[in-house]
Every structure is written in C-alpha cells, then in structure tokens.
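Below is one structure; the comments refer to it alone.
Each value in this text was obtained by applying a stated rule to the coordinates, not by laboratory testing. Please read all numbers here as calculations on a predicted model, not as lab measurements. As a convention, Cβ positions derive from the backbone with ideal geometry for all residues, glycine included, and neighbour counts pool all protein chains shown.
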Amino acid sequence: MKNYKFFLILSLPIIYHLLSTISFAQNFTSPNYQIQFGNFNMTSGKKNSSSYTLTDTVGQNAPGKYSSTGYTAKAGFQYIYDTLEKFSFSISDLDLPFGSLTPNVGSTQSNIITITTPSGHGYEILAIANHPLLANDNTIPDTSCDNNDCNKTTSAPWTLPTAYGFGFNALGINTSGVVTNIGTSNYFTDSTYYRPFSSQSAGDLPQVFMSENIPVKEHLAKITYKINISHDQASGTYSNNINLIAIPKY
Amino acid sequence: MFNLSLSPPQIEFVLKPGISLTQAYQVTNNSQQSIILNTEVLPFVPQGDNGSVSYSSLLANPNISFSLNNADLKLGQPFTLSPKESRQLVLKIKASPQTELADYYSTFFIYQTVDTSANDRNISQSTGKIGSHVLLSVSTSEFPQTNGQVKKFITTPKIKDVFFTKINFSIQIQNKTNYFFKSLGKITIFKNEKIIKQLNLNSQNVLANHNRSLLCENQTACTLSPPLWPGKYTATLEFNSNLNVPSSSTSFFVLPLSPIALILLISSLIYFLYWTKKKNIPNKV
C-alpha cells in the first residue's frame, strides 16, 4: 500500500506534463519590428455577466483611416464604451416657490441634485442666474452675507436677520439625506455659508459650486436658496431662473 | 424634474483642415415628465490644472462650425423628449480649409428651455443643462508632435519614518505645444538601484499650452505605503517617449525614527526604574 502511494505521487508531475497544453500570447516579430501587445483581438464591445461588465476593442488603429477620411479618433474608440455609467444629471424640484416674504425673516427653498459620471471622468456643476430676483424694475439684491465677505465665487456665513439679499448654499448629502459635504466642501463649509449667484445680465460666467476629480455614482447635494428682505423692499412678485450646469472633467 | 443622460461624455478627434466629421450622441430623458430641450456648442478654455473649464462666447472660432445632421432638427432648435425617451443627435463638425493648425475645445450642451409662463408668486425656477466635451486637434498629421516638461514632481514628506504615513507624489506637467496629449507614463521608485515599486500614471488629457496635475491609475493619488526599509529612495517620473517629455527625479529618506524612539523610551524607563530602586535601598553603614 505504501509503495502504491509513493508511485502515485511520483507519477503526478508526469501526468500533468502530458495533459497540459501550450499557450501562446499575441507576439508578432520580424527582423524590423516586434509587437508585444496590440489590437489583434477578434471581438470588441461590452461583455456582461451577473458579476462583471467588461469592454474591449478591436482594430483601434484603423490603418489608413486618417489618410482616407481626414480624421481619426485620438484615443481610439474605446472611449465609446465609457458608458457603463452614463453621464447623468438630475434636479429634483424645478420650482422654488418662496410665497410671501416677511422682512427680516429669511425664507428658504431647496432641491436635490444628483450626478453620475462614467469611468475616467470627474465632474463640475456650475450655476448662473439669468438675472437677480426681479419684479418690474425692482430687484432683491445679491447677498453679501453677514460681514460683506461673500461674493459670486466665495461663500461666507449668512445668519443675521439684518443681512439682506438672495443667495444659495450647497452641501453634499448621502441617500439618507445626511450631510457629507462630498463634492461641495471646497465651496461651502457648512449650512450657514452662502454666496450669491453669478448673473447673465451682469455678464458673469457660470461658477462652480460642486466638483470631484474621480468618477462618481449618484452623488447628491442639497441646494438651499435663501431670501431675506428688508422693510424697505418694494412689494411685487419677484422671479428669476437659475441654470444648473453639469459637465465632465476633461 | 430634470433628469438627463448624455453619451458619450467626451469625444477626441484629430482632423485635417477642410474636413468634416459626425458624432452621434444619445440623450435620454430619465424622468417621468416630458421635457423641452435645446442644443448649443460653447467653446471653452482650460482653467486651473485639474480638468476644469471656463466658458466664453467670445472664444468661438469661425473656422470650426457645428451643426446637427438630424433631418428634423437644427442646432438651437427646441425639441421634446417624452418620459423615458432616448434620442440620437448627430453632431457635424467641420473645420474650414483656413483653420489654423491647433487644438479647439468646445462643449456640446443639451439644455432645458426656460418656462416663461407667468406666475403670481415669488419664485425662482431651476433649469438643467448637461454637456459633453469636444476636443479637436486640427492637424495635417495623424499624430501631431507634442512636447512638454515636468513642472512639479515632489514627494511629501521628504524624511519619513519606516512605519506610519504614506509618501505622496505630487505631479504637474506642462504641455508646451498646440496639441493636447495623454499623460502616459509611470513613476519608478528605486532603493540602491533596485526597483521597489512602479506606479502607472492615470491617462489624463493635458491640453495645449496648459498645465495638468496628474493622478495615478484608477484616478487615485500617487502614494507609496509603509512599511519601508531605512535608506535613501529615488523616484523617477518617465513619460512615453513619443510625448517628448523629459524624465524627472526626486529623492526622499526613510529613517527608523519610531524604533529609535521606542528604544530610547524603553531605555529611559529601565534607567528610571533602576534609579528609583537604587534610591530606595537604605545606605548600609
């Protein structure tokens, strides 16, 4: 019995050698060139199973395409499959009805934005108003916060009932609504920080209020819009449009 | 509600002057409500060194023209997407024969039209806009020549303990040409001329005549984790040879600070105990 076991163990490497097959990777050589890896695959596209998704590419270099058509995709066409997660952007509530405003009492409205970016891309979300809150020729001015220290690119605390104007705050939140400040921490320290919108009517450019350098899936932020008017504010129905713009990082 | 998807998020083409090309985009209304949308293309310039952009209509180049190839839709013409509906928009890009050989950067935007209906209450309305970047290199060559330089390659800290805290590599590269390139390269870390680790750089676009801070693979910070043997380490940053970016090196030192501190602490403790014990022994007469 002992001899039989010994013989079996000894024969295992020989059996393995006889049954195994030799594999070759793609490796093309000539006296003038060697290609160790390239686009010699037989298929391309998106492969799915319950546990993974994979993309590959074929014929990336498309020999002669540039000379015949006059253009070529700089990064091949693998980027076309950069869409396992599409670039998506949503805004929960478009209408922000402030109703009747009471002097010296801040009135707020809010909505939730959600951003998803494909692999390889971070994102930026920018905001711009078409004009300040406007009723006939009267405007509710932009907030300058408690100490006149916020502007269209920099936020500052705004809590005083005697600090008037219109502005916004944005804070990253998780799906439970808990503040994480992910994506917004560079722009707003906490919920007391506000800044005014840039304005098309003033010739401003949209300004970033949320950004990340990495791909993200369903990152949320709560935007709070705040108005505080003085007793001197002319009565009227004030309105404007806030454009929220999502772009990928290049 | 505004809820749109746009694909692809970015396109990158090299084209000859006088050539036009088309690119199909898929826009999807993910919401339960119909939405009225419109399209526009705005030129941008890179801002900062982390992939941010800045828009200005003044930047538009008359030699690069954009239009939609859809039979029933023009650029700037409103269209409606029903709930959950997708639509293909075919963007045609044409570089006139007079186009200067250089890069041109724009964003193809899909935006929600403003509801101008009168209302009798104080109201702000939000509208959404989503964009996809268009990076064009107008060149007579399929592979425009590029070159650049490493603006920053530093490690922090310069001196570190064998344990605790990572070594961080900060990299900034400058593109000195009129054509963007991708940051293909690696950081190799040596100790006594032996390779300790290689970190592949993330392939990021470095736009023409601009700087870009670089990350490592999977868009993570470039770091070297402890524990590390004491000694002098050298990190070399190299880029693919066709980018024509000279390599750069930096050094850092790893010292056994925490083991020395521990030995000193134990020695002090032993000495203190010995001294205390000696003090408590009554002097023999």
Legend entry - Mean-position separation - Cα centroids, the stretch A:160-224 and the stretch B:103-175, in angstrom: 18 Å
Inset, instruction - Springs between alpha-carbon atoms under 10 Å, Gaussian network over chain B: tell me which of B:Asn69, B:Asn122, B:Asn147 tops the mean-square fluctuations. - result: B:Asn122
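Holding the Cα-Cα limit at 32 Å, pick out from A:Lys249/B:Lys194; A:Lys152/B:Lys158; A:Lys74/B:Lys151; A:Lys86/B:Lys94; B:Lys151/B:Lys232 the pairs that are longer than that.
With Cα atoms farther than 32 Å apart: A:Lys249/B:Lys194; A:Lys152/B:Lys158.
What order do you get for A:Ile247, B:Ile189 when you list them from fewest to most C-beta neighbours inside 10 Å? Before the final figure, lay out the partial values.
Details: A:Ile247 30, B:Ile189 20.
Arranged by neighbour count, lowest to highest, A:Ile247, B:Ile189 become B:Ile189, A:Ile247.
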Inset, instruction - Compute the Rg/Rh shape ratio of the stretch B:1-83: radius of gyration over Kirkwood radius, all on alpha-carbon atoms. - result: 0.99
Legend entry - Amide H contacts under 5 Å for A:Phe87, placed H, 5+ residues apart: B:Leu6
Legend entry - Least to most buried among B:Glu12, B:Glu40 (fewest other Cβ within 10 Å first): B:Glu40, B:Glu12
Inset, instruction - Please sort by residue number the chymotrypsin sites (Phe, Trp or Tyr not before Pro) in the stretch B:126-175 whose DSSP state is loop and whose Cβ has at most 10 other Cβ atoms within 10 Å. - result: B:Phe164
Legend entry - Where labels lie 7 Å past Cα in the beta-carbon direction, separation of A:Thr102 and B:Trp229 in nm: 7.3 nm
Legend entry - Gyration tensor (alpha-carbon) shape descriptor, the stretch B:148-259, a/c threshold 1.5: prolate
Legend entry - Magnitude of the charge dipole, the stretch B:35-147, Cβ model with Lys/Arg +1 and Asp/Glu -1, debye to 20: 260 debye
Inset, instruction - As a check on your grasp of the helix formula, calculate [θ] at 222 nm for chain B: sum -39500 (n - 2.57) over DSSP H runs of n ≥ 4, divide by the residue count, round to the nearest 500. - result: -3000 deg cm²/dmol
Legend entry - Long-range HN-HN contacts of A:Glu124 with modeled amide H, under 5 Å: A:Ile247, A:Lys249
Inset, instruction - With a ≥ b ≥ c taken as the square roots of the eigenvalues of the C-alpha gyration tensor of the stretch B:119-169, please select rounded if a/c is under 1.5 and otherwise prolate if a/b is larger than b/c or oblate if it is not? - result: oblate
Inset, instruction - Evaluate peptide B:216-224: per residue, the Cβ atoms of other protein chains within 10 Å of its Cβ; return the mean as an integer. - result: 2
Inset, instruction - Calculate the spin-label point distance for A:Ile214 paired with A:Asn138, positioning each point 7 Å from the Cα along the beta-carbon direction, and give it in nanometres. - result: 5.0 nm
Legend entry - Cβ-derived FRET efficiency at R0 35 Å, A:Asp95 paired with B:Ala221, nearest 0.05: 0.25
Legend entry - Cα gyration tensor shape for the stretch B:4-138, rounded if a/c is under 1.5, else prolate or oblate: prolate
Inset, instruction - Report the local net charge at B:Ser249: Lys and Arg +1, Asp and Glu -1, summed over other residues whose C-beta lies under 14 Å from its C-beta. - result: +3
Inset, instruction - Sort B:Lys191, B:Lys160 so that the residue with the fewest other Cβ atoms within 10 Å of its own Cβ comes first and the one with the most comes last. - result: B:Lys191, B:Lys160
Legend entry - Backbone HN-Hα couplings from phi across the stretch B:195-205 [Karplus 6.51/-1.76/1.60, Hz, Gly and Pro as x]: 6, 8, 7, 10, 10, 7, 6, 6, 7, 10, 6
Inset, instruction - State to the nearest 20 debye the size of the charge dipole of the stretch B:148-259 about its Cα centre, where the only charges are +1 on K and R beta carbons and -1 on D and E beta carbons. - result: 120 debye
Legend entry - Loop-resident sites, the stretch B:172-269, for GluC sites (Glu not before Pro), counting at most 12 other Cβ within 10 Å (DSSP): B:Glu193
Inset, instruction - Take the Cβ-Cβ distance between B:Lys158 and A:Leu205 as r, set R0 to 41 Å, and report the resulting FRET efficiency rounded to the nearest 0.05. - result: 0.55
Inset, instruction - Take every residue in peptide A:237-245, count the Cβ atoms of other chains within 10 Å of its Cβ, and give the average of those counts. - result: 6
Legend entry - Length-normalised contact order of the stretch A:88-248 in % [C-alpha pairs under 8 Å, at least 6 apart]: 38 percent
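Relative contact order for chain B: what is it in percent, counting Cα pairs under 8 Å that are at least 6 residues apart? Intermediate values should be presented prior to the final figure.
Details: 635 pairs, mean separation 49.6, N = 285.
Relative contact order comes out at 17 percent.
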Inset, instruction - Just order B:126-139, B:95-108 by mean Cβ neighbour count inside 10 Å, highest at the front, would you? - result: B:126-139, B:95-108
Legend entry - Shielding by other protein chains, A:117-124, mean Cβ within 10 Å: 4
